[in-house]
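S.K.: Take a look at this one; I'll ask things after.
The values are calculated or read from the model by the stated rules, or taken from the named source; none is laboratory data. Treat the numbers as computed from the prediction; the structure is a model and nothing was measured. Glycine also receives a Cβ, built like all others from the backbone with ideal geometry; neighbour counts cover every protein chain displayed. Just the protein is used for accessible areas: all its heavy atoms, side chains included, with ligands, DNA and RNA removed. Shrake-Rupley method; radii C 1.70, N 1.55, O 1.52, S 1.80 Å.
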Amino acid sequence: MRHPFGRLAVSVLTAAAVVLPAGPAVARHGQATALPTVHPRAETAPLSDDEAGGNADADDPAIWRNAADPDRSLVVATAKEGGLRVYDLDARLVQSIAAPAGPTPEDAPGRFNNVDLVHGVKLGTGRADLAVTTDRGNDRLRIYRIDPSSPAGPLTDVTDPAAAPVFSADQAEINEERTAYGLATWTDRSTGRSYALVSRRERTTLALLELTPTASGTVGYREVRTLDLPSSFRLPDGTAWSPCAEPDELPQVEGMVVDPADGVLYAGQEDVGIWRLRADLTGTPRLLDKVREYGVPGTYDESTEECVAGTDPGYGGTRISADVEGLTLLQEDDGDGYLFASSQGDDSFAAYDRETGEGNEYEGGFRVTAASAALDGSEECDGAAVLDQPLGSRYPDGLLVVQDGHDAPGDGETAVTNFKFVDLGDVKDALDD
(Lines give C-alpha, C1' and ligand atoms only; values in the text may rest on other atoms or scores of the structure.)
Protein backbone atom coordinates (compact mmCIF):
# COMPACT_ATOMS: atom_id res chain seq x y z
CA MET A 1 0.00 0.00 0.00
CA ARG A 2 1.22 3.49 -0.81
CA HIS A 3 1.18 6.17 1.86
CA PRO A 4 -1.98 8.34 1.66
CA PHE A 5 -0.05 11.63 1.86
CA GLY A 6 0.67 11.51 -1.86
CA ARG A 7 3.30 8.85 -2.37
CA LEU A 8 -12.46 -17.35 18.65
CA ALA A 9 -12.25 -14.85 21.53
CA VAL A 10 -11.54 -11.37 20.34
CA SER A 11 -9.21 -9.07 22.24
CA VAL A 12 -9.52 -5.32 21.57
CA LEU A 13 -6.95 -2.70 22.55
CA THR A 14 -7.98 0.87 23.22
CA ALA A 15 -5.84 3.97 22.73
CA ALA A 16 -5.25 4.10 26.48
CA ALA A 17 -3.65 0.64 26.38
CA VAL A 18 -0.93 1.63 23.92
CA VAL A 19 2.60 1.49 25.36
CA LEU A 20 4.79 3.98 23.50
CA PRO A 21 8.58 4.12 23.41
CA ALA A 22 10.12 6.75 25.65
CA GLY A 23 12.14 9.73 24.44
CA PRO A 24 11.42 12.87 22.47
CA ALA A 25 10.92 12.87 18.72
CA VAL A 26 13.39 15.00 16.83
CA ALA A 27 12.66 14.28 13.18
CA ARG A 28 9.89 15.78 11.09
CA HIS A 29 7.69 14.53 8.25
CA GLY A 30 9.64 13.99 5.05
CA GLN A 31 13.08 14.30 6.62
CA ALA A 32 15.62 11.92 5.08
CA THR A 33 18.82 10.66 6.64
CA ALA A 34 22.14 9.89 4.95
CA LEU A 35 22.53 6.11 5.04
CA PRO A 36 25.02 3.62 3.61
CA THR A 37 24.07 1.97 0.34
CA VAL A 38 24.25 -1.57 -1.02
CA HIS A 39 23.71 -2.76 -4.57
CA PRO A 40 21.76 -5.72 -5.93
CA ARG A 41 23.59 -8.59 -7.60
CA ALA A 42 20.59 -9.68 -9.69
CA GLU A 43 16.94 -8.86 -10.38
CA THR A 44 13.91 -10.78 -11.61
CA ALA A 45 12.17 -9.99 -14.87
CA PRO A 46 9.78 -7.03 -14.58
CA LEU A 47 6.09 -7.58 -13.83
CA SER A 48 3.48 -5.20 -15.22
CA ASP A 49 0.19 -4.47 -13.50
CA ASP A 50 -1.94 -4.30 -16.62
CA GLU A 51 -3.98 -6.67 -18.79
CA ALA A 52 -1.03 -7.44 -21.06
CA GLY A 53 1.05 -8.42 -18.05
CA GLY A 54 -1.70 -10.46 -16.42
CA ASN A 55 -2.20 -7.77 -13.74
CA ALA A 56 0.97 -9.05 -12.09
CA ASP A 57 2.43 -6.89 -9.32
CA ALA A 58 5.46 -8.00 -7.30
CA ASP A 59 4.82 -7.83 -3.57
CA ASP A 60 6.41 -10.21 -1.06
CA PRO A 61 9.26 -12.80 -1.23
CA ALA A 62 10.39 -15.77 0.86
CA ILE A 63 13.71 -17.65 0.60
CA TRP A 64 13.76 -21.47 0.67
CA ARG A 65 17.16 -23.09 1.27
CA ASN A 66 17.81 -26.42 -0.38
CA ALA A 67 19.81 -28.13 2.36
CA ALA A 68 20.94 -30.92 0.03
CA ASP A 69 22.14 -28.52 -2.67
CA PRO A 70 22.21 -24.86 -1.52
CA ASP A 71 23.02 -23.67 -5.08
CA ARG A 72 19.53 -24.89 -6.03
CA SER A 73 17.74 -22.84 -3.38
CA LEU A 74 14.63 -20.92 -4.41
CA VAL A 75 12.86 -17.62 -3.92
CA VAL A 76 9.06 -17.86 -3.74
CA ALA A 77 7.29 -14.55 -4.35
CA THR A 78 3.78 -13.18 -4.71
CA ALA A 79 2.57 -11.28 -7.76
CA LYS A 80 -0.97 -10.41 -6.58
CA GLU A 81 -3.40 -11.24 -9.43
CA GLY A 82 -0.40 -12.76 -11.19
CA GLY A 83 -0.29 -15.48 -8.52
CA LEU A 84 3.06 -16.93 -7.38
CA ARG A 85 6.47 -16.81 -9.00
CA VAL A 86 9.36 -19.13 -8.13
CA TYR A 87 12.92 -18.03 -8.99
CA ASP A 88 16.36 -19.59 -8.79
CA LEU A 89 19.37 -17.81 -7.27
CA ASP A 90 20.15 -16.22 -10.64
CA ALA A 91 16.69 -14.57 -10.41
CA ARG A 92 15.47 -16.66 -13.34
CA LEU A 93 11.86 -17.83 -13.41
CA VAL A 94 11.45 -21.50 -12.45
CA GLN A 95 7.67 -21.76 -12.00
CA SER A 96 4.60 -19.57 -12.33
CA ILE A 97 1.38 -20.44 -10.49
CA ALA A 98 -1.89 -18.69 -11.29
CA ALA A 99 -4.08 -17.35 -8.52
CA PRO A 100 -7.38 -19.23 -8.31
CA ALA A 101 -10.30 -17.41 -9.89
CA GLY A 102 -13.33 -16.31 -7.93
CA PRO A 103 -16.43 -18.55 -7.87
CA THR A 104 -17.96 -16.58 -10.77
CA PRO A 105 -16.65 -13.94 -13.21
CA GLU A 106 -18.54 -11.32 -11.20
CA ASP A 107 -16.64 -12.16 -8.01
CA ALA A 108 -13.25 -10.79 -6.96
CA PRO A 109 -10.35 -12.64 -8.62
CA GLY A 110 -7.67 -14.44 -6.66
CA ARG A 111 -4.89 -12.14 -5.47
CA PHE A 112 -1.78 -13.41 -3.67
CA ASN A 113 -0.50 -10.83 -1.23
CA ASN A 114 2.11 -12.20 1.20
CA VAL A 115 4.05 -15.45 1.51
CA ASP A 116 6.05 -17.23 4.22
CA LEU A 117 7.49 -20.70 4.77
CA VAL A 118 6.95 -23.51 7.28
CA HIS A 119 9.57 -26.24 7.64
CA GLY A 120 9.20 -29.93 8.41
CA VAL A 121 5.41 -30.19 8.61
CA LYS A 122 4.21 -33.78 9.08
CA LEU A 123 1.84 -34.62 6.24
CA GLY A 124 0.19 -37.92 5.33
CA THR A 125 2.87 -38.33 2.67
CA GLY A 126 5.80 -37.51 5.00
CA ARG A 127 7.42 -34.36 6.33
CA ALA A 128 7.57 -31.39 4.00
CA ASP A 129 8.39 -27.72 3.77
CA LEU A 130 5.44 -25.52 2.87
CA ALA A 131 4.91 -22.13 1.28
CA VAL A 132 1.85 -20.38 2.71
CA THR A 133 0.31 -17.36 1.02
CA THR A 134 -2.66 -15.08 1.61
CA ASP A 135 -5.16 -15.09 -1.25
CA ARG A 136 -6.77 -11.77 -0.51
CA GLY A 137 -9.13 -12.04 -3.50
CA ASN A 138 -10.74 -15.20 -2.09
CA ASP A 139 -10.04 -14.50 1.62
CA ARG A 140 -8.18 -17.76 2.11
CA LEU A 141 -4.77 -19.19 2.74
CA ARG A 142 -3.21 -21.15 -0.12
CA ILE A 143 -0.64 -23.75 0.86
CA TYR A 144 2.01 -25.34 -1.37
CA ARG A 145 4.37 -28.25 -0.75
CA ILE A 146 7.97 -27.52 -1.78
CA ASP A 147 9.73 -30.36 -3.62
CA PRO A 148 12.53 -29.35 -6.02
CA SER A 149 12.55 -32.85 -7.56
CA SER A 150 8.96 -32.63 -8.76
CA PRO A 151 8.90 -32.67 -12.59
CA ALA A 152 5.85 -30.39 -12.66
CA GLY A 153 7.66 -27.69 -10.68
CA PRO A 154 8.89 -27.30 -7.11
CA LEU A 155 5.55 -26.09 -5.71
CA THR A 156 2.43 -28.24 -5.54
CA ASP A 157 -0.91 -26.99 -4.20
CA VAL A 158 -1.91 -28.95 -1.07
CA THR A 159 -4.61 -26.59 0.20
CA ASP A 160 -7.52 -28.40 1.82
CA PRO A 161 -10.48 -27.88 -0.58
CA ALA A 162 -12.70 -27.37 2.47
CA ALA A 163 -10.64 -24.37 3.69
CA ALA A 164 -13.02 -21.60 4.73
CA PRO A 165 -12.66 -17.81 4.34
CA VAL A 166 -10.38 -16.31 6.97
CA PHE A 167 -12.45 -13.22 7.87
CA SER A 168 -15.55 -13.09 5.66
CA ALA A 169 -18.96 -14.60 6.32
CA ASP A 170 -19.95 -15.04 2.65
CA GLN A 171 -18.95 -14.24 -0.92
CA ALA A 172 -20.57 -10.81 -0.84
CA GLU A 173 -18.33 -9.88 2.08
CA ILE A 174 -15.31 -11.38 0.32
CA ASN A 175 -16.00 -9.13 -2.68
CA GLU A 176 -15.67 -6.10 -0.41
CA GLU A 177 -12.00 -7.17 -0.03
CA ARG A 178 -11.66 -6.69 3.71
CA THR A 179 -9.85 -9.97 3.50
CA ALA A 180 -6.65 -11.86 4.39
CA TYR A 181 -3.71 -9.54 3.72
CA GLY A 182 -0.36 -9.70 5.53
CA LEU A 183 1.06 -12.99 6.79
CA ALA A 184 3.77 -14.52 8.97
CA THR A 185 4.21 -18.17 9.91
CA TRP A 186 5.27 -19.52 13.29
CA THR A 187 6.03 -22.94 14.72
CA ASP A 188 5.65 -23.07 18.50
CA ARG A 189 8.76 -24.89 19.75
CA SER A 190 7.03 -26.01 22.92
CA THR A 191 4.26 -27.87 21.10
CA GLY A 192 5.53 -28.38 17.55
CA ARG A 193 2.31 -26.88 16.18
CA SER A 194 2.53 -24.51 13.21
CA TYR A 195 0.50 -21.34 12.70
CA ALA A 196 -0.14 -18.52 10.29
CA LEU A 197 -0.67 -15.02 11.63
CA VAL A 198 -2.84 -13.08 9.20
CA SER A 199 -3.84 -9.44 9.08
CA ARG A 200 -7.05 -8.06 7.60
CA ARG A 201 -7.04 -5.50 4.80
CA GLU A 202 -8.26 -2.01 5.82
CA ARG A 203 -8.81 -3.21 9.38
CA THR A 204 -6.55 -3.56 12.43
CA THR A 205 -7.42 -7.22 13.06
CA LEU A 206 -4.81 -9.96 13.39
CA ALA A 207 -5.84 -13.63 13.37
CA LEU A 208 -3.91 -16.64 14.68
CA LEU A 209 -4.66 -19.69 12.50
CA GLU A 210 -3.36 -23.17 13.30
CA LEU A 211 -2.30 -25.14 10.22
CA THR A 212 -4.07 -28.52 10.24
CA PRO A 213 -2.71 -31.31 8.00
CA THR A 214 -5.28 -33.86 6.87
CA ALA A 215 -4.93 -37.62 6.38
CA SER A 216 -5.06 -37.13 2.60
CA GLY A 217 -1.94 -34.95 2.55
CA THR A 218 -3.66 -31.59 2.24
CA VAL A 219 -3.42 -28.74 4.76
CA GLY A 220 -6.23 -26.65 6.21
CA TYR A 221 -6.40 -24.18 9.08
CA ARG A 222 -8.56 -23.20 12.02
CA GLU A 223 -8.88 -19.93 13.89
CA VAL A 224 -7.41 -19.89 17.41
CA ARG A 225 -8.02 -16.24 18.33
CA THR A 226 -7.96 -12.72 17.00
CA LEU A 227 -6.73 -9.38 18.27
CA ASP A 228 -7.47 -5.83 17.16
CA LEU A 229 -4.69 -3.26 17.31
CA PRO A 230 -5.70 0.36 18.01
CA SER A 231 -6.95 2.66 15.28
CA SER A 232 -6.88 5.79 17.46
CA PHE A 233 -4.00 7.06 19.59
CA ARG A 234 -3.69 9.53 22.43
CA LEU A 235 -0.99 12.11 21.74
CA PRO A 236 1.19 13.79 24.39
CA ASP A 237 -0.93 16.96 24.19
CA GLY A 238 -4.01 14.96 25.23
CA THR A 239 -5.68 14.90 21.82
CA ALA A 240 -6.71 11.79 19.92
CA TRP A 241 -5.21 11.01 16.52
CA SER A 242 -5.96 8.52 13.78
CA PRO A 243 -4.02 8.21 10.53
CA CYS A 244 -5.75 9.84 7.58
CA ALA A 245 -7.38 7.35 5.20
CA GLU A 246 -10.34 6.89 2.92
CA PRO A 247 -13.71 6.87 4.69
CA ASP A 248 -14.31 3.69 6.73
CA GLU A 249 -10.69 2.50 6.35
CA LEU A 250 -8.66 1.73 9.46
CA PRO A 251 -4.83 1.63 9.69
CA GLN A 252 -3.97 -1.86 8.44
CA VAL A 253 -1.05 -4.17 9.09
CA GLU A 254 0.82 -5.92 6.28
CA GLY A 255 4.48 -6.66 7.02
CA MET A 256 4.89 -9.23 9.82
CA VAL A 257 7.54 -11.65 11.04
CA VAL A 258 7.89 -13.97 14.06
CA ASP A 259 11.14 -14.59 15.94
CA PRO A 260 11.04 -18.38 16.44
CA ALA A 261 13.43 -18.24 19.41
CA ASP A 262 10.97 -16.50 21.72
CA GLY A 263 7.66 -16.49 19.85
CA VAL A 264 7.61 -12.71 19.43
CA LEU A 265 5.62 -11.22 16.57
CA TYR A 266 6.64 -7.97 14.92
CA ALA A 267 3.83 -6.30 12.97
CA GLY A 268 4.05 -3.17 10.85
CA GLN A 269 0.94 -1.02 11.09
CA GLU A 270 1.60 0.91 7.93
CA ASP A 271 0.81 4.49 8.98
CA VAL A 272 1.58 4.02 12.68
CA GLY A 273 4.76 2.03 13.38
CA ILE A 274 6.13 -1.36 14.41
CA TRP A 275 4.41 -3.39 17.12
CA ARG A 276 6.02 -6.11 19.24
CA LEU A 277 3.66 -8.70 20.75
CA ARG A 278 3.36 -12.37 21.58
CA ALA A 279 2.82 -14.54 18.54
CA ASP A 280 -0.05 -16.31 20.30
CA LEU A 281 -1.83 -12.91 20.40
CA THR A 282 -2.05 -12.78 24.18
CA GLY A 283 -0.68 -10.03 26.40
CA THR A 284 -0.29 -6.33 25.61
CA PRO A 285 1.41 -5.22 22.39
CA ARG A 286 4.15 -2.60 22.58
CA LEU A 287 4.79 -0.01 19.90
CA LEU A 288 8.57 -0.24 19.61
CA ASP A 289 8.96 2.50 16.97
CA LYS A 290 6.74 5.05 15.25
CA VAL A 291 6.74 6.38 11.71
CA ARG A 292 7.84 9.99 11.26
CA GLU A 293 4.26 10.89 10.28
CA TYR A 294 2.80 9.65 13.56
CA GLY A 295 0.46 12.31 14.95
CA VAL A 296 0.29 14.40 11.76
CA PRO A 297 -3.34 15.44 11.16
CA GLY A 298 -4.75 14.89 7.71
CA THR A 299 -7.92 15.49 5.73
CA TYR A 300 -9.00 13.13 2.99
CA ASP A 301 -9.70 14.88 -0.33
CA GLU A 302 -12.20 12.82 -2.35
CA SER A 303 -11.40 14.69 -5.58
CA THR A 304 -7.74 13.65 -5.52
CA GLU A 305 -8.19 10.50 -3.39
CA GLU A 306 -5.29 11.67 -1.25
CA CYS A 307 -4.81 13.09 2.22
CA VAL A 308 -3.87 16.69 2.79
CA ALA A 309 -1.44 16.88 5.69
CA GLY A 310 -1.71 19.46 8.43
CA THR A 311 1.02 20.82 10.66
CA ASP A 312 3.38 18.22 12.06
CA PRO A 313 3.22 18.38 15.89
CA GLY A 314 6.54 16.54 16.20
CA TYR A 315 5.37 13.35 17.89
CA GLY A 316 6.66 10.96 15.25
CA GLY A 317 9.71 8.74 15.23
CA THR A 318 13.07 9.42 13.64
CA ARG A 319 13.94 6.29 11.63
CA ILE A 320 11.03 5.09 9.45
CA SER A 321 8.61 6.85 7.13
CA ALA A 322 5.14 5.60 6.28
CA ASP A 323 4.35 3.18 5.02
CA VAL A 324 6.29 0.78 7.23
CA GLU A 325 6.11 -2.35 5.11
CA GLY A 326 8.15 -5.54 4.68
CA LEU A 327 9.46 -6.90 7.99
CA THR A 328 12.02 -9.71 7.99
CA LEU A 329 14.32 -11.23 10.60
CA LEU A 330 18.05 -11.82 10.21
CA GLN A 331 18.78 -14.73 12.56
CA GLU A 332 22.44 -15.32 13.43
CA ASP A 333 23.65 -18.64 14.87
CA ASP A 334 24.67 -17.09 18.19
CA GLY A 335 21.20 -15.66 18.80
CA ASP A 336 22.07 -12.16 17.63
CA GLY A 337 20.59 -10.60 14.55
CA TYR A 338 18.42 -7.82 13.22
CA LEU A 339 14.82 -6.98 12.51
CA PHE A 340 14.73 -5.28 9.09
CA ALA A 341 11.84 -2.96 8.22
CA SER A 342 11.12 -1.36 4.87
CA SER A 343 10.68 2.39 5.32
CA GLN A 344 8.67 2.91 2.16
CA GLY A 345 8.30 6.67 2.49
CA ASP A 346 12.03 7.36 2.10
CA ASP A 347 13.15 4.24 0.19
CA SER A 348 15.29 2.90 3.03
CA PHE A 349 15.54 -0.06 5.39
CA ALA A 350 15.85 0.23 9.17
CA ALA A 351 17.68 -2.36 11.27
CA TYR A 352 16.76 -3.05 14.91
CA ASP A 353 18.54 -5.32 17.39
CA ARG A 354 16.83 -8.69 17.54
CA GLU A 355 17.18 -8.87 21.35
CA THR A 356 13.99 -7.79 23.11
CA GLY A 357 15.86 -7.55 26.44
CA GLU A 358 17.69 -4.55 25.05
CA GLY A 359 14.51 -2.97 23.73
CA ASN A 360 15.14 -3.80 20.06
CA GLU A 361 17.54 -0.89 19.82
CA TYR A 362 17.93 0.81 16.45
CA GLU A 363 21.22 -0.32 14.89
CA GLY A 364 21.25 1.73 11.70
CA GLY A 365 19.84 1.60 8.21
CA PHE A 366 20.72 1.28 4.54
CA ARG A 367 19.40 1.80 1.05
CA VAL A 368 19.42 -0.54 -1.94
CA THR A 369 20.58 1.60 -4.86
CA ALA A 370 21.43 1.03 -8.51
CA ALA A 371 24.36 -1.23 -9.34
CA SER A 372 24.44 0.01 -12.94
CA ALA A 373 22.32 1.68 -15.57
CA ALA A 374 20.73 -1.70 -16.26
CA LEU A 375 20.30 -2.85 -12.64
CA ASP A 376 18.43 -0.31 -10.52
CA GLY A 377 17.79 -0.32 -6.78
CA SER A 378 14.64 -0.62 -4.69
CA GLU A 379 12.02 2.09 -4.25
CA GLU A 380 8.80 2.01 -2.19
CA CYS A 381 9.60 -1.55 -1.13
CA ASP A 382 6.56 -3.63 -0.18
CA GLY A 383 8.10 -6.91 0.92
CA ALA A 384 11.50 -8.29 1.95
CA ALA A 385 13.05 -11.59 3.03
CA VAL A 386 16.48 -12.35 4.48
CA LEU A 387 18.33 -15.61 5.12
CA ASP A 388 21.62 -15.68 7.02
CA GLN A 389 22.77 -19.07 5.75
CA PRO A 390 25.18 -19.97 2.96
CA LEU A 391 23.44 -20.36 -0.38
CA GLY A 392 26.09 -22.01 -2.49
CA SER A 393 28.57 -20.20 -4.70
CA ARG A 394 26.32 -17.25 -5.51
CA TYR A 395 25.52 -16.11 -1.98
CA PRO A 396 27.91 -17.80 0.48
CA ASP A 397 27.18 -15.08 3.07
CA GLY A 398 23.39 -15.28 2.74
CA LEU A 399 20.78 -13.37 0.78
CA LEU A 400 18.41 -10.41 1.11
CA VAL A 401 15.54 -10.18 -1.40
CA VAL A 402 13.57 -6.94 -1.62
CA GLN A 403 10.64 -5.86 -3.75
CA ASP A 404 11.15 -2.87 -6.02
CA GLY A 405 7.98 -0.82 -6.41
CA HIS A 406 9.35 1.14 -9.38
CA ASP A 407 11.51 -1.04 -11.59
CA ALA A 408 13.46 0.95 -14.15
CA PRO A 409 13.11 1.59 -16.93
CA GLY A 410 9.32 1.86 -16.88
CA ASP A 411 6.95 3.44 -19.36
CA GLY A 412 5.55 5.96 -16.90
CA GLU A 413 2.03 4.64 -17.36
CA THR A 414 2.01 1.06 -16.07
CA ALA A 415 3.22 0.00 -12.63
CA VAL A 416 6.34 -2.08 -13.27
CA THR A 417 7.75 -4.02 -10.32
CA ASN A 418 10.20 -6.82 -9.57
CA PHE A 419 12.54 -8.27 -6.93
CA LYS A 420 16.20 -7.43 -6.25
CA PHE A 421 18.71 -9.97 -4.89
CA VAL A 422 21.31 -8.46 -2.53
CA ASP A 423 24.35 -10.21 -1.06
CA LEU A 424 23.78 -10.30 2.71
CA GLY A 425 27.50 -9.87 3.36
CA ASP A 426 27.27 -6.43 1.75
CA VAL A 427 24.37 -5.51 4.03
CA LYS A 428 26.24 -6.62 7.18
CA ASP A 429 29.28 -4.63 6.10
CA ALA A 430 27.12 -1.54 5.60
CA LEU A 431 25.59 -1.86 9.05
CA ASP A 432 29.00 -2.44 10.67
CA ASP A 433 30.56 0.68 9.12
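S.K.: How big is segment 144-278 in terms of Cα radius of gyration and Dmax, in angstroms?
M.R.: Radius of gyration, then largest Cα-Cα span, for segment 144-278: 17.5, 63 Å.
S.K.: Still on this structure, I have one more. Give, in whole angstrom and from largest to smallest, the semi-axes √(5λ) of the equivalent ellipsoid of segment 181-232, with λ running over the eigenvalues of the Cα gyration tensor.
M.R.: In descending order the semi-axes read 24, 12, 8 Å.
S.K.: Right, another one. Using a 7 Å offset from the Cα along the Cα-to-Cβ direction at both residue 305 and residue 249, what is the distance between the two label points in nm, to one decimal?
M.R.: 0.9 nm
S.K.: So what's segment 57-189 giving for Cα Rg divided by 2.2 N^0.38 Å, two decimals?
M.R.: 1.06
S.K.: Run lengths n ≥ 4 of DSSP H only: what is the helix-derived mean residue ellipticity at 222 nm for the chain, with -39500 (n - 2.57) per run over all residues, to the nearest 500?
M.R.: It comes out at -1000 deg cm²/dmol, rounded to the nearest 500.
S.K.: Return the Rg/Rh ratio of the chain with Cα-based radii and a Kirkwood Rh.
M.R.: With Rg and the Kirkwood Rh in hand, the quotient comes to 0.94.
S.K.: Rounded to two decimal places and with Rh computed the Kirkwood way over Cα pairs, what is Rg over Rh for segment 206-318? The partial results should precede the final answer.
M.R.: On the way: Rg = 17.5 Å, Rh = 16.2 Å.
On the Cα set of segment 206-318, Rg over Rh gives 1.08.
S.K.: Something else about it: Treat segment 323-433 as a sphere of radius equal to its Kirkwood radius over Cα pairs and apply Stokes-Einstein at 10 °C in a medium of 1.306 mPa s; give the translational diffusion coefficient in µm²/s, rounded to a whole number. Show your work: numbers first, answer last.
M.R.: On the way: Rh = 14.5 Å.
It diffuses with D of about 109 µm²/s by this estimate.
S.K.: Per residue Cα convex hull volume for segment 245-400, in cubic angstrom?
M.R.: 146 Å³
S.K.: Based on DSSP, what percent of beta bridges with both residues in the chain are antiparallel, to the nearest 5?
M.R.: 95 percent
S.K.: Right, next: Provide the percentage of antiparallel DSSP beta bridges, counting only those with both residues in segment 151-283; round to the nearest 5.
M.R.: Within segment 151-283, antiparallel bridges account for around 95 percent of the total.
S.K.: For each cysteine in the chain, check whether another cysteine's C-beta sits under 4.7 Å from its C-beta; list those where none does.
M.R.: Isolated Cys, the chain: 381.
S.K.: What ratio of Cα Rg to 2.2 N^0.38 Å holds for segment 73-130?
M.R.: 1.36
S.K.: Rounded to the nearest percent, how much of the accessible area of segment 83-226 (1.4 Å probe, protein heavy atoms only) is carbon and sulfur?
M.R.: Taking all protein chains in place, segment 83-226 shows 47 percent carbon and sulfur surface.
S.K.: Using the Cα centre as the reference, give the magnitude of the dipole from point charges on the C-beta atoms of the chain (Lys, Arg: +1; Asp, Glu: -1; all else neutral), rounded to the nearest 20 debye. Provide the component values of the computation, followed by the final result.
M.R.: Working: 36 positive and 75 negative charges, 271 e Å.
So the magnitude is around 1300 debye.
S.K.: Sticking with this one: So with the 1.4 Å probe, I'd like the accessible area per residue for the chain, rounded to whole Å².
M.R.: Per residue, the chain has an accessible area of 40 Å².
S.K.: Highest mean first, what order results for 94-106, 174-186 on Cβ atoms within 10 Å?
M.R.: Descending mean neighbour count gives 174-186, 94-106.
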